[in-house]
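Q: First the structure, then my questions, so here it is.
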Amino acid sequence: MNDLEVIKSKIDIVSFLGEYIELKKAGRNFKALCPFHSEKTPSFVVSPERGTWHCFGACNMGGDIFEFLCKWENIEFVEALKILAQKAGITLSSYQPTEGLKIKERLYDLNHLASEYYHYILTSHSLGKKAHEYLKDRGLNDKIIKNFTLGYAPNSWDALIRFLKKKKYSQDEMITAGLVIKTDRGTIYDRFRGRLMFTLRDHRGNIIGFSGRVLDAKVSSEANQGAKYINTPETPIYIKGNALYGLDKTAESIRREKEAVIVEGEFDFLSSYQSGVTNIVAIKGSAFTEGQINLLKRYTENLKLALDSDFAGLEAAKKGITAAENAGLNLEVVTLPIGKDPDECIRKDPSLWKKAVKNTVNIYDFLISNAMQKYDKETVSGKKNIGSYVIPFLSRIGNPIVLSHYIKLLSKNLDVSYESIELILEKEKKGIKEKPLPSSPVTTTPDRTQLLEEHLLSLLLHSTKPKETLEKTIKLLNISDLKLPTIGKIFEILKNYFQKNQDLNIKLISKLLTPEISPTFDKAYLQDIDFLTKDEASFTRDLEKTAASIRIFSLRRTINSLTTNLKKKDSTKEEKEAQNNIKNFLSQIHDLEKRYL
């Protein structure tokens, strides 16, 4: 066996995919809601026998554990190969990473070294003593400091540069990682200096960047300090809008609690985690992005926002709330009883934070309440401002019952008619529709012949007597009648197979399938048509009707070809022969339609 076969033999596809999505037994297969598009009825089918999956819904994708991981993580095949080899506990005999992956791996290693360096300075060097005391004053213990690899960047222009050069990393690599800055004169210096360092990881635990904070906000305006926070710029491995602080540590807790708490910064996150609320992640500021929402959707459908009280006024937050609504997620808001942020609330009384996380309010209730506090509902301008604040959010609600509820609530609060709110809402919706939508890939709809041939193959593979089913099929049509080359090749393989075998053994058949035809085979094999096999008479009628229809389509293609070429015949004899053939084929079509259709 090659590396791929060994990995697939060691990793059970049902157990593996079950780590990402909720699978339920469905006959000999398993089903789930497709993780790659929104749907309410499960169309994602997994075959433990074949080690494959296929979505019969909108995305119509399929494959094995490698394709699933590539799609889920948005990574290259060789990266998925490396990850799955590690999971299977095998050493790859031939591993050739692409240039892009080589760069990524080098940057992961570089960031890992930088993180260890910063952590060492914080915990074991005199230069980090002040920063360590600062963290203690903020209430964070050594376990948290170690678990999240907090660190300190010395107030030096080249301390990290000198360390990384000793580790054989080049100047260009440091620049690419965002750890150093290059001046117009060509010199470089450490990006992070005299700052408390937060290590940023992706959801798989790879170190992708850093966030550096001054120790005291009061000195943040000093020239040598700059902004209160500075972060790694976007790099080949760090995209700010796709990153969530702490998710690598909290994903399981989020799955277990079936909800995620969203906070704004690292201290809010760390204080909450230490207090026992571990189903939590942090974003940078109020920029709650579509990429972050899609990442969280893998783990839960319920999000609780513990952000700044005025976050809804920011355009970035509006986009995030809209994206969450479009993704079908449930949004609620945590309101703090004390403190300006979760960190302050927790330091004063952790039990109040835990209570606040439990007693959340729906996002739209919060938006209406927040607007009512910001503006005076007794004045005309106040009513207008409240409507302008809330209605853009309401216009994104997809559920008509939920929408009607909040229109009524808003009209009651403003003491205006339901119809007036509805009128403004319709104008808002019209404005949304008029905005250009991002282009989507063009998808081709299968024609009638393709659908029939795929169904015929499914009938054969699901039959309780597949050998007899194949024999009946071949009596009704020739394999050459099949238009799709992959279907034709599979039928040829099955025909040869049943000359030596009585039963359909998937393991034996799998060895005969080439990579070119395997996806077609899997799609047919994973079709949920077991209900058709329960009644033998109905199954036979469906088989005969499908096979006859395919034969008729083939005959019509032949007739069209003969008709087109009829005028090109050189002799009356050839022309007459062609006409006789057409007449014969039309007669066959008539007989098939009369008998089976």
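Q: Quick one: count up the residues across the stretch 243-297 that are over 21 Å from LYS358 (Cα atoms), in a loop (DSSP other than H, G, I, E, B) and charged (D, E, K, R).
A: 1
Q: Quick check: anything in the stretch 387-410 over 25 Å from ALA324 (Cβ atoms), part of a helix (DSSP H, G or I) and among the charged types (D, E, K, R)?
A: Restricting attention to the stretch 387-410, the residues satisfying the condition of being over 25 Å from ALA324 (Cβ atoms) are none.
Within the stretch 387-410 (the criterion being over 25 Å from ALA324 (Cβ atoms), part of a helix (DSSP H, G or I) and among the charged types (D, E, K, R)), the answer is no, since none of the residues qualifies.
Q: If you don't mind, there's one more thing I want to ask. Could you tell me which of the residues TYR134, TYR108 is of a type outside the set (A, V, I, L, M, F, W, C), closer than 16 Å to GLY194 by Cβ and out of contact with any Gly (no Cβ under 6 Å at 6 or more places or on another chain)?
A: On inspection, the qualifying residue turns out to be TYR134.
Q: Within the group PHE521, PHE539, which residue is farther than 30 Å from PHE68 by Cβ, surrounded by 17 or more Cβ atoms within 10 Å (Cβ to Cβ) and not polar (S, T, N, Q)? Give the derivation first.
A: Values: PHE521 fails: farther than 30 Å from PHE68 by Cβ.
Residue meeting the stated conditions: PHE539.
Q: Mind checking which residues of the stretch 227-247 are closer than 21 Å to GLU173 by Cβ and either of a type outside the set (Val, Ile, Thr) or more than 17 Å from the chain's Cα centre (by Cα) (or both)?
A: The answer is ILE230, ASN231, THR232, PRO233, GLU234, THR235, PRO236, ILE237, TYR238, LYS240, ALA243.
A quick yes/no check of all residues on (1) within 30 Å of THR278 (Cβ to Cβ); (2) in the same structural domain as LEU107 (by TED's automatic domain parsing); (3) not in a loop (DSSP other than H, G, I, E, B):
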site: ILE145; (1), (2), (3): yes, yes, yes
site: ILE175; (1), (2), (3): no, yes, yes
site: GLY186; (1), (2), (3): no, yes, no
site: ARG204; (1), (2), (3): yes, yes, no
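Q: Taking the criterion of being of a type in the set (A, V, I, L, M) and in contact (Cβ under 8 Å) with a residue 24 or more places away in the chain, would at least one residue in the stretch 217-227 satisfy it? Write out each step before concluding.
A: Looking only at the stretch 217-227, we keep the residues that are of a type in the set (A, V, I, L, M), and these are 217, 219, 223, 227.
Keeping just the survivors that are in contact (Cβ under 8 Å) with a residue 24 or more places away in the chain gives none.
No, the stretch 217-227 contains no residue that is of a type in the set (A, V, I, L, M) and in contact (Cβ under 8 Å) with a residue 24 or more places away in the chain.
Q: Another question, then. Tell me which strands (runs of 3 or more DSSP E) are completely within the stretch 20-122 and hold 1 or more residues being buried (at least 20 other Cβ atoms within 10 Å of the Cβ) and not assigned by TED's automatic domain parsing to the domain that holds LEU504, or say none if there are none.
A: Strands (runs of 3 or more DSSP E) meeting the threshold: 29-32, 44-47, 52-55.
Q: I would also like to ask the following. Residues of the stretch 44-55 being under 16 Å from the mean Cα position of the chain (by Cα) and without any contact (Cβ under 8 Å) to a residue 60 or more places away in the chain, which ones?
A: Within the stretch 44-55, PHE44, CYS55 meet the criteria.
Q: Continuing with this model, one more query. Checking THR199 against (1) outside any helix (DSSP H, G or I); (2) farther than 29 Å from GLU79 by Cα; (3) in contact with a Ser or Thr (Cβ under 8 Å, 6 or more places away or on another chain): exactly one of these is not met. Which one?
A: Looking at each condition in turn, THR199 falls short on (2).
Q: Next up: Residue under question is LEU457, and the condition is that it be under 32 Å from the mean Cα position of the chain (by Cα), at pLDDT 90 or above and among the hydrophobic types (A, V, I, L, M, F, W, C); does it hold?
A: For LEU457, the condition - under 32 Å from the mean Cα position of the chain (by Cα), at pLDDT 90 or above and among the hydrophobic types (A, V, I, L, M, F, W, C) - is met.
Q: Kindly indicate whether TYR389 is crowded, with 20+ Cβ neighbours inside 10 Å and either under 36 Å from the mean Cα position of the chain (by Cα) or in the same structural domain as PHE267 (by TED's automatic domain parsing) (or both).
A: Numbers: crowded, with 20+ Cβ neighbours inside 10 Å: no; either under 36 Å from the mean Cα position of the chain (by Cα) or in the same structural domain as PHE267 (by TED's automatic domain parsing) (or both): yes.
So TYR389 does not fit the description; no.
Q: Would you mind finding the one in LEU140, LEU135, LEU164, LEU150 that is over 27 Å from GLU234 (Cβ atoms), modelled with pLDDT of 95 or more and crowded, with 21+ Cβ neighbours inside 10 Å? Let's see the steps before the verdict.
A: Working: LEU140 fails: crowded, with 21+ Cβ neighbours inside 10 Å; LEU164 fails: over 27 Å from GLU234 (Cβ atoms); LEU150 fails: over 27 Å from GLU234 (Cβ atoms).
Answer to the check: LEU135.
Q: Let me ask you something else. Can you name the helices (runs of 4 or more DSSP H) wholly within the stretch 324-380 that have at least 1 residues being modelled with pLDDT of 90 or more and within 24 Å of VAL390 (Cβ to Cβ)?
A: 350-358, 363-374
Q: For residues that are modelled with pLDDT of 95 or more and out of contact with any strand residue (DSSP E or B) (no Cβ under 7 Å at 6 or more places or on another chain), scanning just the stretch 268-288, find the one that is nearest to ARG138 (Cα to Cα).
A: SER271
Q: Only one residue in TYR152, TYR169 is closer than 26 Å to ARG106 by Cα, assigned to a loop (DSSP other than H, G, I, E, B) and either under 36 Å from the mean Cα position of the chain (by Cα) or among the small types (Gly, Ala, Ser) (or both). Which one? Spell out the reasoning first.
A: On the way: TYR152 fails: assigned to a loop (DSSP other than H, G, I, E, B).
Checking each option against the conditions leaves just TYR169.
The values are calculated or read from the model by the stated rules, or taken from the named source; none is laboratory data. Every value quoted in this text rests on a predicted model; they were computed, and no experiment measured them. Positions of Cβ are generated from backbone atoms using ideal geometry, with glycine treated the same way; all protein chains shown enter the neighbour counts.
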